[in-house]
Structures are given as structure tokens and as C-alpha cells.
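Colleague: Here's a structure for you.
The values are calculated or read from the model by the stated rules, or taken from the named source; none is laboratory data. All values derive from a computational prediction rather than experimental measurement. Here the Cβ positions follow ideal geometry from the backbone for every residue, glycine too, while neighbour counts run over all protein chains shown. Ligands, DNA and RNA are excluded from the accessible area calculation, which covers all protein heavy atoms including side chains. Shrake-Rupley method; radii C 1.70, N 1.55, O 1.52, S 1.80 Å.
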Amino acid sequence: EVIFEALQGHVEQLYDLLQVGLENKNKSRIREGRLKQLKNPKIAALHPDRPVWGSPNGKINIIVFSDFQSATSAKADSIVHELIEKHPEISYRFRHNPLGLHKMSLPAARYYEALALQDQAKAKKLNRLILQNRLAIKKNGIKKLDELAENCGADMKQLHRDLNSPQVKARIDGDRKEARKLGLTASPVFLVNGVTVTGAAPLEEFEEVLRMIRDN
């Protein structure tokens, strides 16, 4: 009775305490899961013929399975590139896992992969521009994708020939198949040396995973 009486008029503070408790419990659960993954990591193919950010032979491999039209993927992109700037030993690779919610996800993926066949540096630039301009692409479709590709210096005739080529189709289909095999049902999901980080996790969470990998 004394406790309940003391809580009267302090409902908001009690709610905040409960939220902190739940968040700490959830963080602990995620950390335990990641420690288990260190012993049984989710390993994805590196595909050395495809674009790499950071160090091509880095000891830390981050592979993202992403959707070009996902708001969370766009937010996460800026976070992971900030991480790469801080840790040049990271190798970062982009893979496709469009979830079927957005009609422009697959066309955007085809533009990126078609340009990658031409010039990987230009494709990497296009990759980031697509994520940064996802709403404009949703509104203006192929017209906006053409504009972005042209801004990256693409050979547009070659690009349009390659958009529906067997190579481009095989890369995207292969990524989606691998995502299913790894049990990845969301986008984006980052595999940090096989340890999963889902969504637009804060920079501190990625840093914690890096520490876990180094310590183990």
C-alpha cells in the first residue's frame, strides 16, 4: 500500500522506468543472440567481381541485403558509410532483397547492376544517389533513374541494353535466393562477419558488434 501510494501522481516516471527496463532486456537478448552467431555466423558470398566500398580485402566484411525503395534502407546507408569512414579496414558490399512493396525497387536494382557492368566506381555513386532520391524515383520512375545514371556518367545506350540482360537478372535473382537461404525476411539486414544487424541501427550498435568480433 505504501508503494502504490508513493506512485500516485508519478505514472509517467513509472512508465519511463518500465520502458528503460524493457529496452535493456531487449538489448541483452540481442547481444546474447549475436554472441551465438559468432560461433555459427550467417556467411554470404563475397562475389569479388562486384563493387566493394572500403578495403577490398578487409578483415571485417559487411554485406547488406537491401531494398532501394525502403526508407529504412536509405537511413541505414548514411550510417554504414559513416562507419566505413571511421574504420577503413571494412569491406562493404551491397546485395538486393526487394520485398515486393514498392514497384520501383526492381527497376532501381537493374539500373545499379547494369551500370556496375560498365564501371564499378560510377555504379557505387549511383547506388547512393538512388537511396538518397528514393521518393523522387517513386514519383517519377524510370525518368528519374535515367537522370541519375546520366549524372554518374553512364553510357546510356549500353545501360539500356544491359538492363534486362541475363547477367543483371542473374545477380538480382541470386541475391534474393541467397537472402531466403539465410533466412533474411527484412530489408535492410547487415551481415557483419556473419553477425546480423537489422534496420537503421545507430552507429554505436555497429561499433559494439565490431568490438564483439574483435574480442572473440
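Colleague: List the residues, sorted by chain then number, that are 5 or more residues from A44 or on another chain and whose placed amide H is less than 5 Å from its amide H.
Modeller: Close amide H contacts, sequence-distant or interchain: none at all.
Colleague: Taking only Cα atoms, what is the 0 to 90° angle, nearest 10, from helix 71-86's long axis to the longest principal axis of the chain?
Modeller: Roughly 90 degrees, rounded to the nearest 10.
Colleague: Using the per-residue mean of other Cβ atoms lying within 10 Å as a proxy for protection, in what order, highest first, do the peptides 38-48, 103-113 fall?
Modeller: 103-113, 38-48
Colleague: Please give the helix 203-215 orientation as an angle from the longest Cα principal axis of the chain, in degrees from 0 to 90, rounded to the nearest 10.
Modeller: 90
Colleague: Peptides 4-10, 126-132: what's the order by average Cβ count within 10 Å, highest mean first? List each step's numbers first, then the result.
Modeller: Details: 4-10: 8.7, 126-132: 21.4.
In descending order of packing, they fall as 126-132, 4-10.
Colleague: Grab the DSSP H runs of the chain that are 4 residues or longer, score each as -39,500 (n - 2.57), total them, divide by all residues and round the 222 nm result to the nearest 500 deg cm²/dmol.
Modeller: Estimated from H runs of four or more residues: -19500 deg cm²/dmol.
Colleague: I've got another one for you. Any idea what the relative contact order of region 118-216 is, in percent, if you count C-alpha pairs under 8 Å spaced at least 6 apart? Could the numbers behind the result be given before it?
Modeller: Working: 43 pairs, mean separation 15.5, N = 99.
Computed value for region 118-216: 16 percent relative contact order.
Colleague: Ignoring ligands, DNA and RNA, what percent of the accessible area of region 113-184 is carbon or sulfur (1.4 Å)?
Modeller: Values: 1970 of 4090 Å².
Answer for region 113-184 is 48 percent, counting heavy atoms of protein chains only.
Colleague: Out of all DSSP beta bridges in the chain, what portion is antiparallel? Express it as a percent rounded to 5.
Modeller: 60
Colleague: Just to confirm the number: angle between the C-alpha axis of helix 166-181 and the first principal axis of the chain, 0 to 90 degrees, nearest 10?
Modeller: Around 20 degrees separate the two axes.
Colleague: Return the FRET efficiency for the residue pair A71, T185: r is the Cβ-Cβ distance, R0 is 25 Å, and the value is rounded to the nearest 0.05.
Modeller: About 0.90, to the nearest 0.05.
Colleague: Taking 8 Å as the Cα distance limit and 6 or more residues as the minimum spacing, I'd like the relative contact order of the chain as a percentage.
Modeller: Working: 271 pairs, mean separation 63.0, N = 216.
Relative contact order here is 29 percent.
Colleague: With a 1.4 Å probe and every protein chain left in place, work out the accessible area per residue of region 151-210 in Å², rounded to a whole number. Provide the component values of the computation, followed by the final result.
Modeller: Working: 2940 Å² over 60 residues.
Here the per-residue accessible area is 49 Å².
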